[in-house]
Amino acid sequence: MGKKSGKKKVKAPKVTIGVVDTMFARYDMGQAACDELATCDGYGTKFTVVAQTVPGFKDLAVAAKNLIEKNGCDIVVALGMPGSAPIDKQCAHEAAQGLMQAQLMTSTPILEVFVHEDEAEDPKVLASVFENRSRKHARNAYWMLFEPDQLRRRAGQGVRQGFADAGPLQLK
Amino acid sequence: MGKKSGKKKVKAPKVTIGVVDTMFARYDMGQAACDELATCDGYGTKFTVVAQTVPGFKDLAVAAKNLIEKNGCDIVVALGMPGSAPIDKQCAHEAAQGLMQAQLMTSTPILEVFVHEDEAEDPKVLASVFENRSRKHARNAYWMLFEPDQLRRRAGQGVRQGFADAGPLQLK
Amino acid sequence: MGKKSGKKKVKAPKVTIGVVDTMFARYDMGQAACDELATCDGYGTKFTVVAQTVPGFKDLAVAAKNLIEKNGCDIVVALGMPGSAPIDKQCAHEAAQGLMQAQLMTSTPILEVFVHEDEAEDPKVLASVFENRSRKHARNAYWMLFEPDQLRRRAGQGVRQGFADAGPLQLK
Amino acid sequence: MGKKSGKKKVKAPKVTIGVVDTMFARYDMGQAACDELATCDGYGTKFTVVAQTVPGFKDLAVAAKNLIEKNGCDIVVALGMPGSAPIDKQCAHEAAQGLMQAQLMTSTPILEVFVHEDEAEDPKVLASVFENRSRKHARNAYWMLFEPDQLRRRAGQGVRQGFADAGPLQLK
Amino acid sequence: MGKKSGKKKVKAPKVTIGVVDTMFARYDMGQAACDELATCDGYGTKFTVVAQTVPGFKDLAVAAKNLIEKNGCDIVVALGMPGSAPIDKQCAHEAAQGLMQAQLMTSTPILEVFVHEDEAEDPKVLASVFENRSRKHARNAYWMLFEPDQLRRRAGQGVRQGFADAGPLQLK
């Protein structure tokens, strides 16, 4: 089972996947992402994982940038939970803009994994969205590094994380 | 017929057009763009195409930037589908801002081709908007590189992609 | 009468004014701007004009940046027409942010000349707004380069383009 | 009385304060700022003022950046008036974002002094808001350069410009 | 008790925490943050604090950047109070975007500590939110530098500042 190892970076495998999450979120998204990565082929040999926790989702961007620039991560999964008030949407916007900028400044993908607190009313359903989306995007990060064909063959297929796929539309 | 060739870059033709699309979209916009480019004069000789798929539209910007900086693309067509919920509009805004920044950081045009899921209720009409807009913007990319006069002679003519042209207004 | 001359840059005059417009707009704003510049003192001798057309207003920013960096423009007039739907306002925001960033990256003014499709219901009135605003901002570009006192003496005077001036307020 | 001196920079005093305003505003905010600075200790000896006028508030950011980078300003007061329509708020947002970016790119403070046209219905009241806010922020610029303790001792005091101070809250 | 020491930087301790607040806020947030830091282990020996006050929250970003680049701060706590009018939310957005950019440009965390004036109606309750949130984020800054495990063990626990913690959700 994948365990968060803090900022210590194992030197042997050349490829590193960063995972950064928050104290603010109401589910341990980082652990879910780390658990998924631990099931991927080559975990610990082909690639390693470095994990970090920050206070809230506005702190994700600079942490992700530093995971790339200082810890040598080749991709980062950034996980957070925007609250349900209108001001929370605005804050989510700022956090997302920061993650976008961090990607462009480092020319490195950072997968934004946000679960909005109002996506489901039932706490158990919401927890399952947290678990599923965190895991699926961790898998996407792995695919982007090692199996890009997995993505290409799903182009335009209405793929979703957290809920069921929407599926493709037909021209005729 | 244009086939997506992954990230392999053919060296012979000097000019490369990038195409990047998403798993999230409910139509294979990238294929439509590639198909259109395959009908353009000089396909495979004067210019070549490189295609890539990412998870969602927020992942387009850094992918487009890397297509330009690492794969040598001279222009990129970036295709995605924002959903219909209010939060999807906000996310589309972030994705679009990223594409804007990527253009300015690389001094290279990236044509943003977004089809909003709520642009048409009928799935077949929506599919045709996907197909038409993706193709027309792929053609625009070709014109920008090889036939800028095609654009200049249509200045202020109310040209549209996906739906019929709006046409020009008359002063008197 | 000012004719659009494409991206060919005449070397003799030291100062160049860029004009970039779109196929999407429903009025030939670029021609109006070029016509106004052709009436300015020193046209063709003191300064020259370079014009370009792009698909839509989100393509203006990188084009303006390249007119400055690659064509040596000292100022650029960027003309576009946002549509009237809510999503068009969001897109106008993105286009405007891009023009802002392009100015700051090049330390060169780019005059954003946007006419919103819903500024007037009567097509003839709207056309006159297009013509008037495009011309007035082309004149502003000329003043900024050659006659900054024209601007300074109008400070705080409620000057408008497209519609009548609002005029100044009095303290007592 | 402070007179706007255009872009000519006096070399003798080491410190320069920039003032940039617009033709669009309905009050001569730049003059009010210059008048206030002329009453500050050391005007013309310890520091000098350079003033410029641009068409509208979206043109302030690049002008402020150039006042810093080309005219050697140590701080800039940027004054403008957003109109009262919804689209004006969006434009104000773009102008403000530009001023923010210009500060960060130059590591130099630019005080944004915006008076919204709908802050008061009575034109005379509105004019007094223009005059008061412009002067107070000009004074703030002076304090930031020469008397930072004036700011520190007012920390958390609910200080306002244009209207009366809101005052501090008490914990018990 | 922590006293604001202005921009003078003590050289002996290698680590410096910056605190920047505003005249506009209606509570002395900077003092609350400094007070909390003064209770942290190693205050004055392991780390030192540098504090500064600016006019309003839009002035925080460039001040924080300069605290990092010119005063050598390793982290900054930036404290402000957005008002309750709609335009204040937009201004808060601009201020927050600036703080985000400043972090990314310096690769250094800046903790945004905003208390919205409408978070509580009772002035005493609001004052306690100011005090509590300012102190908790000052403590977070300390943890990020010296005790990152404090954050990691709280990952996904629904931790809040200013109000009670929300707590974690359970999958089953």
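The values are calculated or read from the model by the stated rules, or taken from the named source; none is laboratory data. Everything numeric in this text was worked out from a predicted model, so none of it was measured. All Cβ positions, even for glycine, are placed from backbone atoms using ideal geometry, and neighbour counts span all protein chains on display. Accessible surface is based on the protein model in full, side chains and every heavy atom, while ligands, DNA and RNA are left aside. Shrake-Rupley method; radii C 1.70, N 1.55, O 1.52, S 1.80 Å.
Could you work out the mean count of beta carbons from other protein chains within 10 Å of each residue's beta carbon in C:64-72?
Mean shielding by partner chains, rounded to a whole number: 1.
Ignoring ligands, DNA and RNA, what percent of the 1.4 Å accessible area of the protein assembly as shown is carbon and sulfur?
52
Considering every residue in C:41-49, what mean count of other chain Cβ atoms within 10 Å of its Cβ is obtained?
Mean partner shielding for this stretch: 0.
Say we join alpha carbon atoms closer than 10 Å with springs in a Gaussian network model of chain B; which of B:PHE24, B:PHE130, B:PHE57 then has the biggest fluctuation?
Highest fluctuation among the options: B:PHE24.
Can you tell me the accessible area per residue over chain E, all protein chains present, probe 1.4 angstrom, in square angstrom?
With all protein chains present, chain E gives 37 Å² per residue.
Which of rounded, prolate, oblate describes segment B:131-172, given a ≥ b ≥ c as roots of the alpha-carbon gyration tensor eigenvalues and a/c under 1.5 marking rounded, otherwise prolate only if a/b is larger than b/c?
oblate
Distances from B:ALA164 to the same position in the other copies: list them in nm, one decimal, shortest first, using label points 7 Å from Cα along Cα→Cβ.
3.8, 3.8, 6.2, 6.2
For E:84-97, what's the mean count of beta carbons from other chains sitting within 10 Å of each residue's beta carbon?
Mean shielding count: 5.
So the label point sits 7 Å from Cα along the Cα-to-Cβ vector; using that for E:PHE146, what distances do you get to the other copies, in nanometres, sorted shortest first?
Copy-to-copy label distances for E:PHE146: 4.1, 4.1, 6.6, 6.6 nm.
Tell me the volume per residue, in Å³, of the convex hull enclosing the alpha carbons of chain B.
For chain B, the hull spanned by Cα atoms encloses 130 Å³ per residue.
In terms of solvent-accessible area of protein heavy atoms at a 1.4 angstrom probe, what is the ranking of D:MET81, E:MET105, B:MET144, highest value first?
Correct descending sequence by accessible area is E:MET105, B:MET144, D:MET81.
With a 1.4 Å probe and all protein chains in place, put A:ASP74, C:ASP59 in order of accessible area, largest first.
I get A:ASP74, C:ASP59, largest accessible area first.
Looking at segment B:119-138, which residues lose a minimum of 40 Å² of accessible area between their chain alone and all protein chains in place, measuring with a 1.4 Å probe and not counting ligands or nucleic acids?
Listed by number, the residues meeting the 40 Å² cut-off are B:LYS124.
If you scale each eigenvalue of the Cα gyration tensor by 5 and take the root, what three semi-axes come out for segment D:92-162, rounded to whole angstrom and sorted largest first?
23, 19, 10
Give the B-C buried accessible area in Å², both sides summed, 1.4 Å probe, nearest 100.
3000
Using square roots of five times the C-alpha gyration tensor eigenvalues, list the equivalent-ellipsoid semi-axes of the protein assembly as shown in whole Å, biggest first.
40, 40, 23
Return the subset of A:LYS89/B:LYS124; E:LYS65/E:LYS124; C:LYS65/D:LYS70 for which the Cα-Cα distance in this structure is over 27 Å, preserving the input order.
A:LYS89/B:LYS124; E:LYS65/E:LYS124
Which shape class, rounded, prolate or oblate, goes with segment B:37-125 when its Cα gyration tensor gives a ≥ b ≥ c as root eigenvalues, a/c under 1.5 marks rounded, and past that a/b bigger than b/c marks prolate?
The shape class here is oblate.
From the helices alone, meaning DSSP H stretches of at least four residues, give me the mean residue ellipticity at 222 nm for the protein assembly as shown, per-run term -39500 (n - 2.57), in deg cm²/dmol to the nearest 500.
-13000 deg cm²/dmol
Which residues of segment E:143-162 end up with at least 10 Å² less accessible area in the presence of all protein chains than when their chain stands alone, using a 1.4 Å probe?
E:MET144, E:LEU151, E:ARG152, E:ARG154, E:ALA155, E:GLY156, E:GLY158, E:VAL159, E:ARG160, E:GLN161
Under the convention of a label 7 Å out along Cα→Cβ, give the distances in nm from C:ASN71 to the same position in every other copy, shortest first.
Spelled out, the distances from C:ASN71's label point are 2.9, 2.9, 4.7, 4.7 nm.
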